[in-house]
Structure formats: C-alpha cells, structure tokens
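The values are calculated or read from the model by the stated rules, or taken from the named source; none is laboratory data. None of the values given here were measured: they were computed from a predicted structure. So basically every Cβ, Gly included, is an ideal-geometry build from the backbone, and we count neighbours across all protein chains shown. When the accessible area is computed, the model is the full protein with side chains, heavy atoms only, and any ligands, DNA or RNA have been set aside. Shrake-Rupley method; radii C 1.70, N 1.55, O 1.52, S 1.80 Å.
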Amino acid sequence: MPRPEDVLVDAGDRSCVQLLLELRKRMQGLAPGTRVRIRASDPAAPLDLPAWCHLTGHEYLGETDGDGTPCYVLRVAAAPRPTDDVSPWKPAP
C-alpha cells in the first residue's frame with residue numbers, strides 16, 4: 001500500500017535501460033529514507049532493480065501490489081554510489 005510520502009515512478013513499458021536513467025534522475029535530491037515505488041512491466045525489472053540497488057547502495061525492498069502492473073519499492077540511500085551518466089548500470093568512472 002503506498003504511503004503519502006512515497007514517490008511514484010511509472011515506467012510503463014519502457015525498457016530497464018530507460019527506467020534506470022529516469023530513476024537515477026528522479027532519485028537525485030530525495031531525502032535519505034524516502035521510499036520510491038516503481039511501476040514497470042519490463043520483464044527484466046525484477047532482476048535489474050535489485051542489481052542496480054546493490055550497485056548504488058539504495059535499498060531494494062521488493063515487489064508489491066501495483067494495481068495489476070508489477071510494482072517495486074526502493075529506499076533512497078544516504079550516500080548512494082554514483083553511476084555512469086550514459087550507462088547507469090555501471091559505476092561512475
């Protein structure tokens with residue numbers, strides 16, 4: 001169940017590459033501990049999101065009910081590790 005302080009990112013049917021680019025941008029400036037709910041129908045999302053969280057230091061909280069669309073929840077890290085500007089699945093050089 002979403003909380004009022006949750007941030008929602010609706011990725012629709014975008015690929016995970018596009019999702020990670022948008023997600024990184026949207027999470028910049030959010031307070032540590034903020035929960036981010038991501039609606040994403042890309043079949044790679046349940047693999048890519050936990051891996052991206054591991055890379056960046058954000059906390060992957062798992063999958064939740066997204067009203068028919070898969071929904072994933074992350075928690076913003078206090079000091080996330082930066083990723084590459086063009087390839088957000090790679091550490092920043």
Practice item. Give me the distance in nm between label points sitting 7 Å out from Cα along the Cα-to-Cβ direction at Leu8 and Ala44, one decimal. Key: 2.6 nm
Check your understanding: Based solely on its DSSP helices, what 222 nm [θ] is calculated for the chain when runs of n ≥ 4 H residues each add -39,500 (n - 2.57) and the sum is averaged over all residues, nearest 500 deg cm²/dmol?
Key -> -8000 deg cm²/dmol
Review point. Rolling a 1.4 angstrom probe over the protein heavy atoms, how many square angstrom per residue are accessible across the chain?
Key: 57 Å²
Check your understanding: Once phi is turned into ³J(HN,Hα) by the Karplus curve 6.51 cos²θ - 1.76 cosθ + 1.60 with θ = phi - 60°, what whole-Hz value does each residue of the stretch 31-41 show in order, with x for glycine and proline?
Key -> 5, x, x, 4, 8, 10, 9, 10, 8, 8, 9
Practice item. Calculate, in nm to one decimal, what Asp67 and Ser15 gain on full extension: separation in residues at 0.36 nm each, minus their alpha carbon distance. Key: 16.7 nm
Check your understanding: Amide H to amide H under 5 Å from Leu8: which residues, 5+ apart in sequence or cross-chain, H placed 1.01 Å off N in plane?
Key -> Arg37
Revision key, fill the gap. Counting only protein heavy atoms with a 1.4 Å probe and every protein chain in place, the carbon and sulfur fraction of the accessible surface of the chain in whole percent equals 55 percent
Check your understanding: Of the GluC sites (Glu not before Pro) in the stretch 1-79, which ones lie in a loop per DSSP and count no more than 16 other C-beta atoms within 10 Å?
Key -> Glu5
